[in-house]
Amino acid sequence: MHKYSHPDLAKRPAIFSFCTDPDTLGQFQWLACYLTTGKHMGFYISFGTVLLLLAVTAPTALLFGFGGASAARSTFLPLRWFGKAYIAIVRGVPDIAFFLFFVIALDQGIEWLRHQVKCPDWDQPIRQGNDFVVCAAAKMPLGNAPQWIHEVYGFGLAVVTFAIVFGAFAANVMYGAMRAVPRAQLETAEAYGMTPRQTFWRILVPQMWVYALPGLGNLWMVLIKATPLLFLLGVEDIVYWARELGGAKTARFTDYPHADWRLWYFFVLLLFYLGFTRVSEIYLDRIMKKLTHGQATTGGEAQRKGAAT
Amino acid sequence: MSCLQTIADYSLRSLGMGERLLPKSDFTLCQQFTLIGSGMLHNIYFGLLALIAGFFLAVALAVGKNSANPLLRKPAEWTIFVFRGSPLFIQFFFAYFLFLSLKGVAPFFGPLTSAWLGALVVLFLNTAAYSGEIFYGALQSIPKGDLEAADAYGLTGWPRFKRVIWPTMLRLAWPAYTNEAIFLFHATALVYFSGFPAFKQMGDALYYASYFADKTFNPFIPYPILAGYFILLTLIVTGIFGLINKRLNRHLPQNQRQKLRIRPRLIR
């Protein structure tokens with residue numbers, strides 16, 4: 001699954017000057033040197049990969065969700081069916097199956113499209129028994145592309161997969177939020193002579209966010225907890241490095257031999273996620289407090305009463 | 001080879017019975033349906049046992065978190081936070097390596113390193129934490145009038161819990177608990193993709209689905225089959241939980257009964 005590795009990271013010079021001969025070091029210095037090896041740098045960078053995935057996926061999923069929700073309440077029947085089917089199917093099936101499915105399906109879909117465009121006079125079938133064969137020019141990324149393009153492409157596929165799956169979830173939340181906007185608001189808009197399009201953009205969309213926020217906040221927490229699945233999509237993420245670095249090492253392959261430390265590496269990951277969740281919880285609470293301020297909802301009413309007494 | 005023969009060979013393959021070798025080439029639809037269905041036995045096993053055992057711990061956790069005594073409340077709060085705040089995927093990995101090092105200390109812990117027990121323990125604790133939070137929320141939203149009525153009747157302690165709090169808590173929590181159950185069955189698909197190895201290629205439905213997808217390089221057949229099985233399972237779970245929901249609400253007037261609204265979340 002992990003066909004790409006970082007040869008350049010292994011060769012990077014040590015950060016501390018006393019790290020040249022690990023055998024002579026005391027406990028503390030040994031650990032300091034061990035934790036700053038090139039491979040550990042890869043491990044630390046992969047935390048950045050996770051954060052980057054979250055930063056890119058969250059808005060993309062929101063966009064997908066908005067599209068799905070708008071489609072599900074469209075007046076055009078096939079579009080409405082499409083929106084509802086999108087929401088329903090993703091909810092009924094284990095997410096992990098979707099992750100495994102979409103990564104291959106997207107990859108093959110893209111290559112198939114490129115194949116149709118770039119090699120129109122190709123006469124052999126694309127599926128030959130158990131193989132998927134496209135012409136060399138249609139390969140994604142091209143066979144001679146540099147390493148980083150392969151990595152960016154893999155990451156991009158992961159982002160799209162996450163966005164499709166979480167978009168369905170966000171669509172569900174936003175569909176509910178759009179229905180929660182009081183009917184009278186929309187009727188007033190109609191009474192003022194607004195077209196359906198104007199009503200949607202000027203009245204419905206601005207008001208739905210308060211109703212959508214608790215669900216979207218929940219979704220954010222779920223999204224954080226889904227990031228380790230990147231590992232299954234073939235990206236070198238924190239799970240990959242924790243397994244790689246934690247495994248028992250003999251003196252033959254490294255200057256820092258140690259027993260099986262995977263337990264401790266995964267303990268660190270556990271702490272990372274717990275901390276991340278806690279911080280998100282605190283921030284979401286704050287945003288919610290701000291948004292409910294002055295709203296005609298139970299939360300807003302409770303705030304008003306709390307301030308009055 | 002006829003389809004009946006395939007079913008005879010592979011329908012119990014996930015339990016280690018029947019044909020030993022998995023199909024290697026010339027995959028038929030029948031083989032894929034049979035093997036993936038056979039793997040579903042694992043999903044049902046994990047989901048069912050974790051759900052039943054988890055229910056009791058969940059009630060204990062909810063009552064603990066609701067308690068005024070910090071000695072009971074703090075451990076319950078922390079258990080719920082740790083299992084709800086971290087990804088199940090990481091929990092599986094962590095538990096597997098923890099059990100592996102425990103096995104080094106005492107061979108007594110050996111069975112924990114295999115999926116049938118180790119993964120079950122993780123799923124049990126995980127679902128207990130999620131359901132515990134649901135039950136805790138229900139405990140918090142028991143109508144004040146119900147408790148005042150119990151006080152007026154002179155009910156205290158255990159009878160008060162058994163006759164007033166417990167039935168109301170279950171009734172209020174049931175729709176959310178149904179979602180949790182569906183969600184737990186979905187989560188069982190993670191077992192063989194985290195540290196736990198599939199012994200002698202005896203895996204769950206997703207394990208076989210991805211086996212076929214890897215071999216045929218065609219995801220468009222095995223994954224939709226898997227999806228079909230899971231949608232079927234979801235319908236069955238919803239049906240059973242709906243019957244229980246009906247029974248829990250049987251004393252209410254028809255128009256006040258809570259309808260089950262199925263909103264499973266995606267991932268834990």
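Data for the structure
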{"item": "Tally of residues being within 15 Å of A:Glu151 (Cβ to Cβ) and without any contact (Cβ under 8 Å) to a residue 40 or more places away in the chain across the range A:33-50", "result": "2"}
{"item": "Within the range B:115-138, tally of residues that are open to solvent by less than 40 Å² (accessible area, probe 1.4 Å) and closer than 20 Å to B:Ile90 by Cα", "result": "12"}
{"item": "Residues of the range A:286-305 satisfying the condition of being modelled with pLDDT of 75 or more and surrounded by 11 or more Cβ atoms within 10 Å (Cβ to Cβ)", "result": "A:Ile287, A:Met288, A:Lys289"}
{"item": "Conditions (1) touching a Pro at 6+ places or on another chain (Cβ under 7 Å); (2) within 14 Å of chain A (Cβ to nearest Cβ); number of the one not met by B:Leu117", "result": "(2)"}
{"item": "Top-ranked residue in the range B:73-112 [being more than 13 Å from chain A (Cβ to nearest Cβ) and over 18 Å from B:Ser131 (Cβ atoms); ranked as most open to solvent (accessible area, probe 1.4 Å)]", "result": "B:Phe108"}
{"item": "Residue check, A:Ala145 in a helix (DSSP H, G or I) and of a type outside the set (Phe, Trp, Tyr)", "result": "no"}
{"item": "Residues located in the range B:62-71, provided they are more than 18 Å from B:Leu125 (Cβ to Cβ) and part of a helix (DSSP H, G or I)", "result": "B:Pro70, B:Leu71"}
{"item": "Filter result for the condition that a residue is at pLDDT 80 or above, over 25 Å from A:Leu52 (Cβ atoms), within 12 Å of another protein chain (Cβ to nearest Cβ) and more than 16 Å from the chain's Cα centre (by Cα), over A:Leu263, A:Leu269", "result": "A:Leu263"}
{"item": "Helices (runs of 4 or more DSSP H) contained entirely in the range A:1-119, each with at least 3 residues that are more than 13 Å from every other protein chain (Cβ to nearest Cβ), at pLDDT below 75 and open to solvent by less than 80 Å² (accessible area, probe 1.4 Å)", "result": "A:27-34"}
{"item": "Residue in the range B:36-48 that is outside any helix (DSSP H, G or I) and either at positive phi or of a type in the set (Phe, Trp, Tyr) (or both) present", "result": "no"}
{"item": "Sole exception among (1) surrounded by 19 or more Cβ atoms within 10 Å (Cβ to Cβ); (2) closer than 30 Å to A:Ala71 by Cβ for A:Tyr153, by number", "result": "(1)"}
{"item": "Any hit, the range A:162-179, residues being within 14 Å of chain B (Cβ to nearest Cβ) and more than 30 Å from A:Leu274 (Cβ to Cβ)", "result": "yes"}
{"item": "When residues of the range A:76-125 are limited to those that are β-branched (Val, Ile, Thr) and closer than 16 Å to B:Ile231 by Cα, the one nearest to the chain's Cα centre (by Cα)", "result": "A:Ile96"}
{"item": "Elements of type helices (runs of 4 or more DSSP H) in the range B:124-202, at least 2 residues being touching a residue at least 12 places away in the same chain (Cβ under 8 Å) and at negative phi", "result": "B:144-152, B:166-187"}
{"item": "Of all residues in the range A:220-253 being within 12 Å of another protein chain (Cβ to nearest Cβ) and touching a His at 6+ places or on another chain (Cβ under 8 Å), the one that is modelled with the highest pLDDT", "result": "A:Tyr240"}
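A quick yes/no check of all residues on (1) closer than 29 Å to A:Gly234 by Cβ; (2) surrounded by fewer than 23 Cβ atoms within 10 Å (Cβ to Cβ); (3) among the aliphatic types (A, V, I, L, M):
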site: B:Met169; (1), (2), (3): no, no, yes
site: B:Pro175; (1), (2), (3): no, yes, no
site: B:Ile182; (1), (2), (3): yes, no, yes
site: B:Thr188; (1), (2), (3): yes, no, no
site: B:Gly203; (1), (2), (3): yes, no, no
site: B:Ala209; (1), (2), (3): yes, no, yes
site: B:Phe217; (1), (2), (3): yes, yes, no
site: B:Gly228; (1), (2), (3): yes, yes, no
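The values are calculated or read from the model by the stated rules, or taken from the named source; none is laboratory data. Fair warning: this is a prediction, and the values are worked out from it, not measured in the lab. Ideal geometry is used to build each Cβ from the backbone, glycine not excepted, and the neighbour counts take in all protein chains shown. Side chains are part of the model used for accessible areas, which takes the heavy atoms of the whole protein and leaves out ligands, DNA and RNA. Shrake-Rupley method; radii C 1.70, N 1.55, O 1.52, S 1.80 Å.
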